[in-house]
Amino acid sequence: MATAVMEAEGCLADLKRGRRAALEIKEVTERMLSPEYKGRVLVELLQNAHDAHPARDGVGRVEIVLDEDEGEHGVLYVANGGRPLGYKNFEALCSIGLSSKRPDEGIGHKGIGFKSVLQLTAAPELYSVVGASAKTFDGFCFRFARDEDFDWLAHQVAPDHPEAPGQLRANLSSLKVPVPVDDVPAAVVPFRRRGLVTVVRLPLRNAEARQEAVRQLRELADDGVPFELFLNRLGKVSVTHRVGGRGRPSVYTRKIDLLFASRGLKIQKITLRRRTRLIMVTAAVDRERAHEAIATGVESGPLTDDWHALGESAVVSVAVPAGEPLERGRLYTFLPMGAQPTCPVRGFLNAPFHTDVSRRTMAESTHWNDLLLDTAAEACARAAVLVDEGRVTMPAGALVDLMCWDHDQMRRLELAFKTQGREFAEVPFMPVLHPAGARTSYRHGYLWHGPDRARVFTPQAVAASGVREVIDTGLHPLRADRLVALGAARALGLLPHASVLAGWAESVVSHLSEKEFDAGR
């Protein structure tokens, strides 16, 4: 409590002098409670839990429990099995802007993410261990101040001023006043038995906070936007919603199979919940271009000096489904951003974008964000060339998704191919009916379904006659429509001309004549 006493003394002294310095923490806290940041509490806590694990580990564990039966309005828990809470972490939680995280290590690298918990609770609690061998929570175990704690604090620093408690409550954030907890709640103890080292406990402040916690939990479980996709330090996340004494955990895992790795490019197959399979392409951002873009951003204002650390290690990942396609994509900064801005591919694109404080939206016009999108395009182009060269194998639909960028972003992909000495229109990436496993390009391919009710002159018959340019009609309709729309936008039509159809008809007739004569056919 000594630090809190000093904060309180400084706050009261600043109030007497009429200065606003002591109000900074209060103003930032209010910003965390603003509509812009609303709905991100669980995302923030999950990110912090992820970041507590060693980088490149891939086997970390997180447990999330919403117990509506506990307390007056329910309690939300987020526990992790990473590094125990240390003094620097403790300091960062109690201060704005003291986090040791780099921008690429988590959402809350400014040290303000945890403050969003005040949307759901009046007094968050944390329990940690001293070391991995501890049998109980014996490390930093504390809660942040409740209203009544300000009475005690005011008595310590200004016993002769009855107005002091109210002034402290109004102007000193509760997150600047940590209070030691000697007795660990019974509901927290089992987390340690299961091997978790740090637990965040949020007694929900009211019924509205409980409803919001339920909403965020359901949003996290949305199969269309897998939260675990880019959390590469984790191997398992367990989510439990307990009501009326009932609630079974939903377990989310990540299984990774490496398909290719060389020269700053990695291609993996990722298996997630419900055996959802995706192909992920990850590329390192060019260091020279990264340093230049960051320097420009720092000079012009959007970026701060701590972004310079990203120049050596920033990476971009694009993940597309190996099975059924997505109707729309989603941008991530480790965890999903908001529905806007639009992702340029029908997949999931993760990068350390410069965003607003809520991590919902980004400014695409910044040099840094432009570079990240360009790197994503280069990653897709390199992957397509590797498939063409036979060095990587991936599902046909996934390759189509990597190549079908939105029209207004397509120029990035075209330039990415030019840097490799290729033309987008010449790259074979669309699956054909014949021969099996082959591909064609916009320059040579045709998407044709044959005349209505045709039984002889069909795409399959044309392919069987030896024609190699007919795109596989088994391609999912969403992907086929995107191919047609993209081709039309780039003046690269896929419909065959009459002369081409005539040639195919001759090929089919010639092929049929080689078989036993059938007058009906």
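Quick notes
- Criterion: acidic (D, E) and either closer than 30 Å to V508 by Cβ or crowded, with 22+ Cβ neighbours inside 10 Å (or both) - qualifying residue of E414, E426, E389: E426
- Among (1) over 23 Å from A480 (Cα atoms); (2) open to solvent by 10 Å² or more (accessible area, probe 1.4 Å); (3) in contact with a Gly (Cβ under 6 Å, 6 or more places away or on another chain) - the single one W368 does not satisfy: (2)
- Helices (runs of 4 or more DSSP H) wholly inside segment 352-460 containing at least 1 residues that are in contact with a strand residue (DSSP E or B) (Cβ under 6 Å, 6 or more places away or on another chain), farther than 26 Å from A309 by Cβ and of a type outside the set (D, E): 367-388, 396-403
- For beta carbons closer than 7 Å, sequence separation of 6+ or different chains, a first residue in segment 441-452 that is in contact (Cβ under 8 Å) with a residue 40 or more places away in the chain and a second that is surrounded by 13 or more Cβ atoms within 10 Å (Cβ to Cβ) and in a loop (DSSP other than H, G, I, E, B), the qualifying pairs are Y442/L492; G445/E469; G445/L494; Y446/E469; Y446/L494; Y446/P496; L447/L494; W448/P496.
- Long-range neighbours under 6 Å by Cβ, at least six apart or interchain, first residue over 10 Å from R468 (Cβ atoms) within segment 424-435, second assigned to a loop (DSSP other than H, G, I, E, B) and of a type in the set (D, E): P431/D472
- Residue-level check: of (1) assigned to a helix (DSSP H, G or I); (2) in contact with an Asp or Glu (Cβ under 7 Å, 6 or more places away or on another chain); (3) modelled with pLDDT of 95 or more; (4) basic (K, R), R201 misses just (1).
- Filtered residues of segment 319-351 (kept if in a strand (DSSP E or B) and open to solvent by less than 30 Å² (accessible area, probe 1.4 Å)): A319, V320, P321, L331, Y332, T333, L335, P336, F348, L349, N350
- Q216 in contact with a Leu (Cβ under 7 Å, 6 or more places away or on another chain) and under 30 Å from R146 (Cα atoms): yes
- Identity of the residue in segment 46-77, closer than 17 Å to T333 by Cβ and open to solvent by 10 Å² or more (accessible area, probe 1.4 Å), that ends up modelled with the lowest pLDDT: A55
- Restricting attention to segment 204-213 and to residues that are open to solvent by 20 Å² or more (accessible area, probe 1.4 Å) and touching a residue at least 12 places away in the same chain (Cβ under 8 Å), the residue that is nearest to L66 (Cα to Cα) turns out to be R210.
- Filter pass, P459 being crowded, with 21+ Cβ neighbours inside 10 Å and more than 22 Å from R391 (Cα to Cα): yes
- The residue that is modelled with the highest pLDDT, among those in segment 124-157 that are surrounded by fewer than 15 Cβ atoms within 10 Å (Cβ to Cβ) and among the hydroxyl-bearing types (S, T, Y), is T136.
- Search result, residues across segment 35-82 that are under 23 Å from P190 (Cβ atoms) and among the small types (G, A, S): A49, A52, G60, G71, G74, A79, G81, G82
- In segment 154-166, the residues that are in a helix (DSSP H, G or I) form Cβ pairs under 8 Å with partners that are aromatic (F, W, Y), at six or more places apart or across chains, as follows: P165/F150.
- Sole exception among (1) in contact with a strand residue (DSSP E or B) (Cβ under 7 Å, 6 or more places away or on another chain); (2) assigned to a helix (DSSP H, G or I); (3) closer than 29 Å to F334 by Cβ; (4) open to solvent by 20 Å² or more (accessible area, probe 1.4 Å) for L175, by number: (4)
- Test: residue in segment 182-197 that is of a type in the set (D, E, K, R), in contact with a Lys or Arg (Cβ under 6 Å, 6 or more places away or on another chain) and either open to solvent by 20 Å² or more (accessible area, probe 1.4 Å) or part of a strand (DSSP E or B) (or both): no
- When S95, S99 are checked against the criterion of being among the hydroxyl-bearing types (S, T, Y), at pLDDT below 80 and surrounded by fewer than 19 Cβ atoms within 10 Å (Cβ to Cβ), a single residue qualifies: S95.
- Contacts under 8 angstrom Cβ, first residue in segment 80-92 being over 16 Å from G60 (Cα atoms), partner polar (S, T, N, Q) and open to solvent by 20 Å² or more (accessible area, probe 1.4 Å), 6 or more apart: K88/S100; A92/S99; A92/S100
- Yes/no for P165 being on the phi < 0 side of the Ramachandran plot and open to solvent by 30 Å² or more (accessible area, probe 1.4 Å): no
The values are calculated or read from the model by the stated rules, or taken from the named source; none is laboratory data. What you see is a predicted model, and the numbers here were worked out from it, not measured in a lab. Cβ atoms come from the backbone with ideal geometry, glycine included; neighbour counts cover every protein chain shown. Surface areas here come from the heavy atoms of the whole protein model, side chains and all, with no ligands, DNA or RNA. Shrake-Rupley method; radii C 1.70, N 1.55, O 1.52, S 1.80 Å.
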